[in-house]
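Peer 1: Just dropping this structure here.
The values are calculated or read from the model by the stated rules, or taken from the named source; none is laboratory data. Quantities reported herein were computed from a predicted structural model and do not represent experimental measurements. Neighbour counts are summed over all protein chains in view; Cβ atoms, including those assigned to glycine, are modelled from backbone coordinates with ideal geometry. We work out accessible area using only protein heavy atoms, side chains counted, and drop any ligands, DNA or RNA first. Shrake-Rupley method; radii C 1.70, N 1.55, O 1.52, S 1.80 Å.
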Amino acid sequence: MTIHTLNTGLDTIWVVLTAAMIILMEGGFALLEAGFVRHKNNVNILMKVFADITIGTLCFYLIGFGLMYGKDLSGLIGSNGFMIKGDLSHLHFLISVDTFWLFQAAFVIAVISIVSGAVAERINFRAYILYAVIMTTFIYPVAGHWVWGGGWLGKLGMQDFAGSAVIHALGGFSALAAAIFIGPRKGKFTPQGVSTVSLPSNLPLASVGAFLLWFGWFGFNAGSTLSATDARIGHIAIVTMLSAASGGAATMLYTLFRYKRSDAPSVINGSLAGLVGITAGCAFVSDPFAILIGAVSGLLMLFATYWLEIKRIDDPVGAFPVHAVSGIWGTIAVGLFATDKGLITTGNWHLLSVQLLGLLVLCIWGFVLTWMGLKLIQLWIPVRSTEEEEEVGLDISYHGMVAAFQEQEFIKYESNYLHHKDDD
């Protein structure tokens, strides 16, 4: 066994394990969102996450990966690699293409799950499946190609190590478009424009979901090295931890001193905001700047949440404040604080200007393409559930099941068809 073979084997194990950590984050999304919404919609949350991981994986395999990482065509789109076939020799990695695909598939599943939370409790399940196809087949892969697949933004020098912009800002603005398009939940806002309180169904469940996401984020960020021997792994892990802690601490202290109570949902989302904020710069910024990035991410998340309430935009789990706003800040922070090219650290403006351009393009792309995709879906089926379905709950309406049932006996099945047949 040569050193090269051993190194390739270690890298393969590293990437597969970190990809598995990212895929486990879907359990985090499921628990977090189910804990934040009402009991009558818990099963629907779980089924949307299963749609993400099943439909999303297949769509990315068939088409999305080729559009994202296929041979570059005019800096805009990949032109081969569909079903991981064809000449992919332009991908210069020590790991196999199959291993690389698995890691990228884990990313695409996370993108669509961001949108899931923003439209919780009122989207038609069939419409959601169709939107998941559009997102994982086209919207995210094309944007990803621009930055990571050899496209025009990457050539300009945009830096987004693990996806604050490509995954979180894009997914967050897609979530915003979907939330506006579909409208608020019934009863969320009074005719006078006052927001009513929708209490989380299970905060312990939501907090466990947040911890699972926190755990998976180490795979998200450190795994993006694609190498088990990369000397940056330790630094990436520590700044990820520091930023998450800072985001949670900032929201905990802010709500404690402003409202005389520490608001649990805000602290949960503040920690997640810190994770989103550091995702772009985890390989490029120092420890103190990571703490700053996390704290600002948490506070920006709070202000964005208030802004949504003022604008009467219903986002049940805070997908836009956590992912879009923190993702924007994290991407800008790279242009400010990157050790080698940041404006604050080196006085160089170029990286910051490229980061701003990339953000503008990606956010508009996510918002507009999501709006157009939902418009297209609406030509075929309703995007929003009916008032009756929403009132009963999407669990019963779309899945014929409740999340928890305490009765110990079996439910007796009776076939009315047989009775009618006997009468004839």
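Peer 1: Can you name every residue in the range 112-152 that is under 18 Å from Ile55 (Cβ atoms) and of a type in the set (Lys, Arg)?
Peer 2: Within the range 112-152, Arg126 is the sole residue that qualifies.
Peer 1: Inspect all residues belonging to the range 318-326 and state whether any of them is in a loop (DSSP other than H, G, I, E, B) and in contact (Cβ under 8 Å) with a residue 40 or more places away in the chain.
Peer 2: Yes, the conditions are met somewhere in the range 318-326.
Peer 1: Residue under question is Ala250, and the condition is that it be more than 20 Å from the chain's Cα centre (by Cα), among the small types (Gly, Ala, Ser) and open to solvent by 50 Å² or more (accessible area, probe 1.4 Å); does it hold?
Peer 2: no
Peer 1: Oh, and also: Just to verify a result, which residue in the range 33-46, among those that are touching a Ser or Thr at 6+ places or on another chain (Cβ under 9 Å) and open to solvent by 10 Å² or more (accessible area, probe 1.4 Å), is farthest from Ala231 (Cα to Cα)?
Peer 2: Selected residue: Lys40.
Peer 1: Additional query: For the range 263-277, state whether one or more residues are open to solvent by 50 Å² or more (accessible area, probe 1.4 Å) and either under 22 Å from Gly209 (Cβ atoms) or touching a strand residue (DSSP E or B) at 6+ places or on another chain (Cβ under 7 Å) (or both).
Peer 2: Scanning the range 263-277 turns up no residue that is open to solvent by 50 Å² or more (accessible area, probe 1.4 Å) and either under 22 Å from Gly209 (Cβ atoms) or touching a strand residue (DSSP E or B) at 6+ places or on another chain (Cβ under 7 Å) (or both).
Peer 1: Would you tally the residues in the range 10-26 being open to solvent by 30 Å² or more (accessible area, probe 1.4 Å) and either small (Gly, Ala, Ser) or part of a loop (DSSP other than H, G, I, E, B) (or both)? Spell out the reasoning first.
Peer 2: Taking the range 10-26 and keeping what is open to solvent by 30 Å² or more (accessible area, probe 1.4 Å), we get 10, 12-14, 16-17, 20-21, 23-24.
With either small (Gly, Ala, Ser) or part of a loop (DSSP other than H, G, I, E, B) (or both) added as a condition, the list becomes 20.
The number of residues fulfilling the criteria is 1.
Peer 1: Give the residue that is farthest from Ile123 (Cα to Cα), with candidates limited to residues of the range 330-352 that are part of a helix (DSSP H, G or I) and either free of Cβ contacts under 8 Å to residues at least 12 places away in the same chain or open to solvent by 60 Å² or more (accessible area, probe 1.4 Å) (or both).
Peer 2: Thr346
Peer 1: Could you list all residues from the range 286-313 that are open to solvent by 10 Å² or more (accessible area, probe 1.4 Å), polar (S, T, N, Q) and under 19 Å from the mean Cα position of the chain (by Cα)?
Peer 2: Thr305
Peer 1: For the range 124-152, what are the residues that are open to solvent by 10 Å² or more (accessible area, probe 1.4 Å) and not in a helix (DSSP H, G or I)?
Peer 2: Result: Asn124, Gly149, Gly150.
To keep it simple, each residue is scored yes or no on (1) out of contact with any helix residue (DSSP H, G or I) (no Cβ under 8 Å at 6 or more places or on another chain); (2) at pLDDT 95 or above.
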site: Gly277; (1), (2): no, yes
site: Gly281; (1), (2): no, yes
site: Pro288; (1), (2): yes, yes
site: Leu292; (1), (2): no, yes
site: Thr305; (1), (2): no, yes
site: Phe320; (1), (2): no, yes
site: Gly330; (1), (2): no, yes
site: Lys341; (1), (2): no, no
site: Leu357; (1), (2): no, yes
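This table checks each residue for (1) among the aliphatic types (A, V, I, L, M); (2) within 29 Å of His4 (Cα to Cα); (3) crowded, with 18+ Cβ neighbours inside 10 Å.
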{"residue": "Leu76", "(1), (2), (3)": "yes, no, no"}
{"residue": "Val97", "(1), (2), (3)": "yes, yes, no"}
{"residue": "Val108", "(1), (2), (3)": "yes, no, yes"}
{"residue": "Ala118", "(1), (2), (3)": "yes, no, yes"}
